[in-house]
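First up is the structure itself, then whatever we jot down about it.
The values are calculated or read from the model by the stated rules, or taken from the named source; none is laboratory data. Just so you know, these numbers come straight off a predicted model, no measurement behind them. Virtual Cβ from ideal backbone geometry, glycine too; neighbours counted across all protein chains shown.
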Amino acid sequence: MSVTIQDVLNNARFQQADPTVESGESLLDTSVRWVFTNEREDVASFLTGGELLIVEGQRFISEQWSMDLAQYVDSLVRAQVSALVVELVEQVHEVPEELLAEARLRGLVVIGLHKRIPFVDICQSINTMIVREHMRFQVEVDTMSTALRERLSHVESIESLNSAIAQLFSESVTLFDAEGLPVAQAGQPLQAGERSIIITLRERQRPIATLEMSSRGQPLTKQTCDLIAEVASPVASLFLDGGVRIGMLAHLLAGPQDGVHVTPLEAHDDHDMLAGLGYGASCIYHPFAIRMRSLMHGMPHVSAVFDDIGGQGLTIECLLDGDTMFGWFATTDMTESIAAFNARCHTALVSLAGFAGLLIIDGRTAVDCPNLIDSFAALRDALALYRVDDAALSETGMLRTVAASVLDCAYAQPRTDQAARLLIARAMGTALIQDRVLLDTLCACFDNLDNKTGACEQLGVQRQTLYNRLDKVTLITGVDPADRQAWSMLLLAAKIAATTSHT
């Protein structure tokens, strides 16, 4: 067992500071790797994840503090901090509302301390507890590893593998294949709202199956989950080999190697894989990602929507990677406008947002292989901005678009040129950069706040010429002017691309 935020709250020395949970009440079982105190604005750059960070509240109102508090929370979430602890004793007696609102939105635990206790005492007390627990746990892991390996050495089917894990941990276990279909179940099924743990089984870096385990007894630690994945993955691969098709899908859905944009060599290989999956040159794709708090309760809704949209003539490719389904909708009907195709796909994804525990990221429509592959890097970055167990998902789902996350992702880049490259790839793609006429047209729209009359005057062209150019932009990028947010980001990306090409 690892030390959790709840264990910290129960610590006798910590309780002397009169702690109150200000946000993230549902996340108190999050593990704490270390307790750390540092009041620098850029503290996130020194963190590696799992820390419980302690700061003085008065620091946020000092003259030396210049960072936006929402950005501060964003940096901590990106660094995967377990919790932020704020001393509320001198000058500041309540957590600043701006910080608290962003923490609640992003799923960050915030704890207020209402009595002064030396931070060094808190760090020493809790870090000692963490070290002792780690030593005790290592002994348990060694014992558990031996028992797990012994049991799994005798399994003869995927069902017996699933049952062996369920019996060893005395939990309900459901095993899903790479396409999200349940293939084995043991123990009493999960009830609505019941907490569970999701473990990804992989072979050669590709997902082959996913386990969802109930958490009725002692919660499993990350180390235990990693051990289960390590031991069970090679056994599961004996019975659930998805073959070449799953391998190609996993490669494509992983996105570009640099996390931003495919190289020409990558694009060539990925194009061949798309062709191998049956997708020719005349296809339009709409990528998506669906993260689920529970696969048992989320997958039936996802499958129903997929069946419905499949009945409308669209093809669907998808792959379950842990708690997230990545995939795309596709059509070869080139008589349908991109706007109409976008609307159908968006409507399907919006319908999923009505179900609790689902986080849906709506990607940017792609009309070629490079833009499709780049889209999956954008989806993964957008997913990192939200937590599926956020309180906002308890009653309903949540839908966000890649366009809405582009600026956040660009802001997180360490250098301006990297931010510009990411924004261009995510919002516009790179195909337009070499077309000076279309790039200048988009810049004119940007300069005139997308006023068509002003853009025509700046370019010295007729209105129909402008519309013809914008239609061509939509055909190349997959972005329709009717999607105001995505179109605005495209205009910004075009302006940046034109500016950087002159420098």
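In the stretch 431-450, how many residues are buried (at least 17 other Cβ atoms within 10 Å of the Cβ), of a type outside the set (A, V, I, L, M) and under 14 Å from S501 (Cβ atoms)?
Qualifying residue count, the stretch 431-450: 1.
Being out of contact with any helix residue (DSSP H, G or I) (no Cβ under 8 Å at 6 or more places or on another chain), part of a helix (DSSP H, G or I) and not hydrophobic (A, V, I, L, M, F, W, C) is the filter here, so list the residues in the stretch 283-340 that pass it.
Listed by number, the residues that qualify are H297, G298, P300, S303, D307, G310.
Taking the stretch 48-64, which residues are assigned to a loop (DSSP other than H, G, I, E, B) and crowded, with 16+ Cβ neighbours inside 10 Å?
Listed by number, the list holds a single entry, G50.
List every residue pair whose Cβ atoms lie under 6 Å apart, where the two residues are 6 or more positions apart in sequence or sit on different chains, the first residue falls within the stretch 278-302 and is at positive phi, and the second residue, located anywhere, is of a type in the set (G, A, S) and in a strand (DSSP E or B).
From residues that are at positive phi, there are no pairs.
Considering only the stretch 457-490, how many residues are over 36 Å from the mean Cα position of the chain (by Cα), surrounded by fewer than 18 Cβ atoms within 10 Å (Cβ to Cβ) and farther than 22 Å from M334 by Cα?
So the count comes out to 8.
May I ask you to verify whether F355 is farther than 16 Å from W328 by Cα, surrounded by fewer than 22 Cβ atoms within 10 Å (Cβ to Cβ), modelled with pLDDT of 95 or more and aromatic (F, W, Y)?
No; evaluated as a whole, the condition is false for this residue.
How many residues does the stretch 12-53 hold that are under 20 Å from D74 (Cα atoms) and without any contact (Cβ under 8 Å) to a residue 60 or more places away in the chain?
15
Can you tell me which residue within the stretch 93-111, out of those that are among the hydrophobic types (A, V, I, L, M, F, W, C) and in contact with a strand residue (DSSP E or B) (Cβ under 8 Å, 6 or more places away or on another chain), is surrounded by the fewest Cβ atoms within 10 Å (Cβ to Cβ)? Steps first, please.
In the first step, residues of the stretch 93-111 are kept if they are among the hydrophobic types (A, V, I, L, M, F, W, C); the result is 95, 99-101, 103, 105, 108-111.
The next check asks that each one be in contact with a strand residue (DSSP E or B) (Cβ under 8 Å, 6 or more places away or on another chain); those that pass are 95, 99-100, 103, 108-111.
On the way: V95: 22, L99: 23, L100: 19, A103: 24, L108: 24, V109: 23, V110: 21, I111: 24.
Filtering the stretch 93-111 for residues that are among the hydrophobic types (A, V, I, L, M, F, W, C) and in contact with a strand residue (DSSP E or B) (Cβ under 8 Å, 6 or more places away or on another chain), the one surrounded by the fewest Cβ atoms within 10 Å (Cβ to Cβ) comes out as L100.
Residues in the stretch 342-374 that are part of a helix (DSSP H, G or I) and acidic (D, E): how many? Step through it out loud before you land on a result.
So the first thing to find is which residues in the stretch 342-374 are part of a helix (DSSP H, G or I), and the list is 342-352, 369-374.
With acidic (D, E) added as a condition, the list becomes 374.
So the answer is 1.
In the stretch 219-281, which helices (runs of 4 or more DSSP H) lie fully inside it and hold 1 or more residues that are in contact with a Ser or Thr (Cβ under 9 Å, 6 or more places away or on another chain)? Break it down stepwise before answering.
On the way: elements: 222-236, 243-253, 264-276.
Once the helices (runs of 4 or more DSSP H) in the stretch 219-281 are filtered for at least 1 residues that are in contact with a Ser or Thr (Cβ under 9 Å, 6 or more places away or on another chain), what remains is 222-236.
For the stretch 20-33, check the following and say yes or no: at least one residue is under 30 Å from R380 (Cβ atoms) and out of contact with any helix residue (DSSP H, G or I) (no Cβ under 9 Å at 6 or more places or on another chain).
No, there is no match, as no residue in the stretch 20-33 is under 30 Å from R380 (Cβ atoms) and out of contact with any helix residue (DSSP H, G or I) (no Cβ under 9 Å at 6 or more places or on another chain).
Examine the stretch 266-282 for a residue that is at pLDDT 90 or above and under 21 Å from the mean Cα position of the chain (by Cα), and state whether such a residue exists.
No; the residues of the stretch 266-282 include none that is at pLDDT 90 or above and under 21 Å from the mean Cα position of the chain (by Cα).
From the list R469, R421, R426, pick out the single residue that is in a helix (DSSP H, G or I), over 30 Å from T324 (Cα atoms) and among the basic types (K, R).
Details: R421 fails: over 30 Å from T324 (Cα atoms); R426 fails: over 30 Å from T324 (Cα atoms).
R469 is the lone residue from the list that is in a helix (DSSP H, G or I), over 30 Å from T324 (Cα atoms) and among the basic types (K, R).
Under the condition of being part of a strand (DSSP E or B) and within 15 Å of I122 (Cα to Cα), which residue from the stretch 5-47 is nearest to the chain's Cα centre (by Cα)?
Result: W34.
Considering R344, R387, R364, R415, which residue is at pLDDT below 95 and not assigned by TED's automatic domain parsing to the domain that holds G259?
Of R344, R387, R364, R415, the one residue that is at pLDDT below 95 and not assigned by TED's automatic domain parsing to the domain that holds G259 is R415.
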